[in-house]
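Everything below concerns the one structure shown next.
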Amino acid sequence: MTKDITFSRRTFTKAALALCGTAVTTATPLRYALGADPLKIGLILPYSGVYANFGEGITNGFEFALKKRGGQIAGRPVQVIKGDDQLDPKVGSEVAQKIVTRDNVDLVVGTVGSNVLPVLQKICTDNNKPLIVPTAAGNDTTRVQCHPLVFRVSHSNWQMTSPAGAWLFKRGAKRVMTMGMNYATGKEEVIAFSDEFKKAGGEIIDQKWPGLKELDYQAYFADVLAKQPDAMFTFFAGSNAVEFVKQYAQAGLKERVPLFGAAYLTDSTLLAAQGSAADGVITSGHYAPSLDNAANKKFLADFKQATGKDGDINSMHGHDSVEVVALGLEKTKGDIKDSAGLSQALQKVEFASPRGPFRFSRARNPIQNIYAIEAKGGQLRVIETIQKDVEDPTAECKV
Amino acid sequence: MSLLETKSLSKNFGSLNAVRDVSLQIQPGEIHAVIGPNGAGKTTFLNLLSGELPVSAGCLQFEGHDITRWSPDRRANAGIGRSFQHSAVFEDLTVHENLRLAAQTQYPKSFGMLWPAEGYTDVAARVTDVIAQLSLNAAESTRAGELSHGEQRQLEIGMLMAISPKLMMLDEPTSGMSRNETLELIGILRRLSERHTLMLVEHDMDVVFQLAHRITVLVNGSVLASGTPEAIRADASVRIAYLGQED
Amino acid sequence: MQLSTFLIQLLNGLQYGMLLFLIASGLTLTFGVMGIINLAHGAFFMIGAYLVFQFARIYEWPLPLACASAIVAVVVLGSIVERAVLAPLVDRDHLDQVLVTYGLILIFDELAVVLWGKDVHAAEIPAMLRGSVHISDMIVYPVYRLALAGAGLVCAIGLYLIVAKTRIGMIVRAGSHDRSMVSALGINVGPVFALVFGLGAALAALAGILAAPILSVSPGMGDKIIIIAFVVVVIGGIGSIKGAFVGALLVGLFDSFGKVLFPTVSSLVIYALMALILVWRPNGLFGKAA
């Protein structure tokens with residue numbers, strides 16, 4: 001049954017798309033009609049499915065950064081070939097095979113889903129193509145799976161929440177309950193927090209793992225009232241985050257048990273939907289549009305002018321992906337054939353990102369600041385820097 | 001003018017000719033029985049008349065109108081009522097509700113669908129009238145699913161009476177009935193025939209020869225013979241094809 | 001389990017059950033009367049939520065007008081779907097129906113993306129229903145959820161009265177037993193189908209409207225809930241309104257108590273319930289043998 005449905009979903013997707021003539025395509029080459037020898041970049045992201053807005057945001061930031069550079073990187077015109085991995089490893093594998101081997105791109109930027117990243121990484125590294133990861137945050141990518149040609153511009157799951165452990169304890173929370181979506185990312189982020197919180201001397205009194213398809217969290221809340229923890233630390237993203245934050249506030253819990261979480265909980269794309277329910281929720285993360293630094297102000301202003309949209313975490317990731325590639329290739333003078341040299345050059349990239357100072361660790365994960373971010377009145381406000389220059393542990397990386 | 005007339009009516013299921021070229025006439029007021037061995041196409045024929053199945057070829061007329069392409073509900077409203085071979089009562093509804101459902105199809109439909117069903121006195125009177133003509137032991141409020149088989153078949157005929165069609169077509173009305181129940185039913189059908197034209201598809205030869213004015217014999221989808229009970233009893237080909245097997 | 005927890009979970013279960021009933025009742029009616037498995041029923045739920053968001057938050061219409069307009073719009077859409085897509089499928093294989101209505105889900109989800117974008121939206125709880133009831137320090141319950149449970153119960157009673165006491169109700173019950181018999185009685189089933197389908201769509205839209213303030217309004221929001229609604233229908237017995245009601249309450253209660261009693265496997269509890277009931281009664285609690 002499940003198999004049939006999967007099959008029919010794809011068949012129907014195609015039929016439905018053909019029928020509606022909607023503009024979601026699997027590969028839209030964006031040609032920059034410039035001189036010879038263009039740099040071909042594959043952009044493989046989810047453009048459909050639950051994380052479609054991630055794909056869209058990253059692409060907006062990516063295209064903006066490219067346009068800012070006149071459509072050129074290290075003097076070479078850039079040709080972008082897009083692919084929709086649909087957040088599905090099987091689809092992602094087919095799309096990556098086509099873009100990497102048939103279109104023969106020079107490097108790949110992708111993707112969002114930690115489930116798709118391993119197949120994408122294998123295809124890229126097997127073909128000796130650099131891979132720039134704009135979002136997918138599984139710890140292993142820059143630990144046991146680390147590779148000289150795989151660079152992450154976002155963060156590891158550990159990095160996002162681990163500094164919050166000691167920080168929350170210092171703020172006075174001694175007994176904390178956690179809730180996280182029951183999948184790899186949710187577990188890594190919540191466990192990173194819990195480990196540090198316990199190390200600091202706190203007690204985790206209960207951990208709950210609602211499923212990805214959960215609609216109604218109300219049934220979990222009776223237990224929260226009964227156990228009266230000092231704080232609630234969570235990982236939720238997308239529509240689940242909207243539902244959770246609203247229901248938590250509606251149940252009257254926010255005033256009794258303050259709500260904390262990883263930054264995706266109150267992502268700026270969700271704030272409008274969450275409304276006043278998000279007010280006072282504090283998250284830990286590496287970026288918020290309200291960050292007070294010159295690079296961020298310029299990014300937001302230019303982005304708004306160029307696209308008419310407000311910059312957010314996704315467009316920042318797309319923007320920084322281009323920056324990393326451009327700064328690295330400028331060092332090699334546009335040469336991408338010498339893999340070892342390219343790997344070195346990219347690893348040494350350092351710049352003032354909208355998120356703050358950016359450089360790569362030995363494992364090619366960013367070393368970056370982690371901030372405490374409070375939602376209020378539909379805005380995200382950085383209230384303090386939790387920890388500067390946070391580096392994901394590199395011991396497991398054998399590069 | 002005959003009440004119902006078929007002209008070269010045929011029905012194919014793929015390469016199987018279930019009904020072939022059947023032309024017959026049913027006269028107003030008569031009891032017309034259709035008999036034949038198993039698989040002769042009797043029920044298929046009845047389904048063509050009621051509109052359950054679309055015809056493959058030929059046409060049929062009711063009171064002079066060509067009804068070949070009419071839907072089942074349109075034919076029912078024009079005056080063709082039928083029963084089904086399986087026990088066709090609505091098991092979840094009570095005896096009363098079954099009859100009311102049938103009866104209210106005969107009254108103006110301008111009444112809202114969301115009005116309480118109990119609100120129509122005409123319908124209620126009709127239901128009471130029908131129940132008086134049946135010989136049911138069970139109470140009106142009994143769920144039809146709880147009736148005995150024989151009583152369910154009676155209720156089914158009661159539903160037809162409530163509609164009061166000009167032509168009543170009964171598909172094996174006595175099947176599965178005890179001897180006593182069959183005798184009771186024969187009485188009911190006789191009384192019915194005073195007001196309705198009846199067409200029976202029947203297995204039980206006693207019933208057929210006691211009731212029918214005319215009999216049509218179907219074999220392999222075709223009409224083998226058609227005529228009075230005496231003529232059919234005397235027909236040599238029928239004896240060989242059908243009655244002979246019974247003896 | 002403490003008494004306070006027990007009481008809150010009981011309320012949660014009832015409230016969730018009522019929401020599920022609104023969706024499951026339309027699903028089971030459509031199957032019972034028309035014999036059609038309509039996977040796209042969840043789309044009516046989603047569109048109801050989107051429209052009330054559009055009317056109440058974007059156009060800032062008064063709430064009663066916004067809700068009524070959303071329901072009417074969904075019923076009109078449902079009727080078009082019924083006439084154009086489902087009516088021709090009445091006598092087709094169930095697999096065909098599943099395939100076509102699954103295609104409808106994808107089309108409606110994509111349509112929601114085209115019209116409202118991929119962002120997650122939400123509706124606000126109306127001012128008079130905000131806040132919580134404080135029964136004790138341990139028992140706090142949102143007013144809106146009590147209202148939701150009440151609305152569901154009112155609909156359930158209304159639906160019961162329609163099905164048990166009215167003419168259309170009698171035809172619906174008769175039709176779920178045998179459609180060909182109903183037409184042999186001279187009843188044109190076409191308009192009855194349309195009416196039943198419209199009613200089902202209206203209930204799903206109402207569920208979407210009621211759920212909009214507590215759930216997120218996003219493409220695919222109907223897909224999550226339609227799976228649970230199918231579990232409800234299967235448990236209750238396909239085609240039975242009474243079954244949908246009992247099934248919805250059972251699923252609601254098992255789900256909310258499962259989350260407390262078996263937190264590690266809570267997402268499986270209702271499926272285990274379904275499996276057990278099917279072993280005991282293969283046609284569901286109030287289903288008829290095929």
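Quick rundown of the values:
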| read-out | value |
| --- | --- |
| Sorted by Cβ density within 10 Å, fewest first, the residues A:Phe64, A:Phe233 | A:Phe64, A:Phe233 |
| Descending semi-axes in whole angstrom, ellipsoid equivalent of chain C, from the Cα gyration tensor | 30, 24, 18 |
| DSSP bridge orientation in the protein assembly as shown - percent antiparallel, rounded to nearest 5 | 50 |
| Net charge contributed by nearby residues that have their C-beta within less than 13 Å of A:Met177 (K/R +1, D/E -1) | +1 |
| The stretch C:168-290: radius of gyration over Cα atoms, expressed as a fraction of 2.2 N^0.38 Å | 1.25 |
| Cα pair distances in the stretch A:223-351, grouped into 5 Å bins until the bin that holds the longest one, percent each | 2, 9, 15, 15, 13, 12, 10, 9, 6, 5, 3, 1, 0 |
| Relative contact order of chain A, defined on C-alpha pairs under 8 angstrom at six or more residues apart (%) | 17 |
| Gyration tensor over alpha-carbon atoms, chain B, equivalent ellipsoid semi-axes in Å | 31, 22, 15 |
| Ellipticity estimate at 222 nm from DSSP helix runs (n ≥ 4, -39,500 (n - 2.57)) divided over chain A, nearest 500 | -12000 deg cm²/dmol |
| Using alpha-carbon coordinates, inclination of helix A:294-307 to the longest axis of chain A, degrees | 70 |
| Compactness of the stretch A:50-199 as Cα Rg over 2.2 N^0.38 Å, two decimals | 1.21 |
| Taking A:Thr307, A:Thr234 and counting other C-beta atoms within 10 Å, the order from fewest to most | A:Thr307, A:Thr234 |
| For A:Lys208, residues with placed amide H under 5 Å, excluding near neighbours | A:Thr178, A:Met179, A:Gly180 |
| Average Cα contact separation per residue, the stretch B:186-234, under 8 Å, 6 or more apart, as relative contact order % | 25 |
| Antiparallel bridge percentage (DSSP; both residues within chain A; nearest 5) | 40 |
| Convex hull volume per residue in cubic angstrom - Cα atoms of chain A | 143 |
| Likely footprinting exposure, C:Ser218, A:Ser361, B:Ser71, A:Ser48, fewest C-beta neighbours within 10 Å first | B:Ser71, A:Ser361, A:Ser48, C:Ser218 |
| Anisotropy class of the protein assembly as shown from Cα gyration tensor, a/c 1.5 cut | prolate |
| Sum of side-chain charges, A:Thr161 neighbourhood, beta-carbon under 13 Å (Lys, Arg +1; Asp, Glu -1) | -4 |
| Relative contact order (%) - chain B, alpha-carbon pairs under 8 angstrom, separation at least six | 28 |
| Rg/Rg_ref, the stretch A:322-399, where Rg_ref = 2.2 N^0.38 Å and atoms are Cα | 1.38 |
| Of the DSSP H helices in chain C, those whose Cα atoms cover at least 30 Å axially and whose Kyte score averages -0.5 or more | C:3-29, C:94-116, C:143-165, C:189-211 |
| Global geometry of the stretch A:150-261, whether rounded, prolate or oblate, following the gyration tensor of its Cα atoms and the 1.5 cut on a/c | oblate |
| Shielding score for C:172-179, defined as the mean number of other chain Cβ atoms within 10 Å | 4 |
| Shielding by partners, peptide A:240-249 (average Cβ within 10 angstrom, other chains) | 4 |
| Cα gyration tensor, the stretch C:1-132 - rounded (a/c under 1.5), prolate or oblate | oblate |
| Test item: B:188-201 mean partner chain Cβ contacts at 10 Å | 0 |
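Quick note: the coordinates plus some simple rules give every number you see, no bench work behind them. Quick caveat, the model's predicted, so the values are computed rather than measured. Cβ sites come from the backbone with ideal geometry, for glycine too, and all protein chains shown count toward neighbours.
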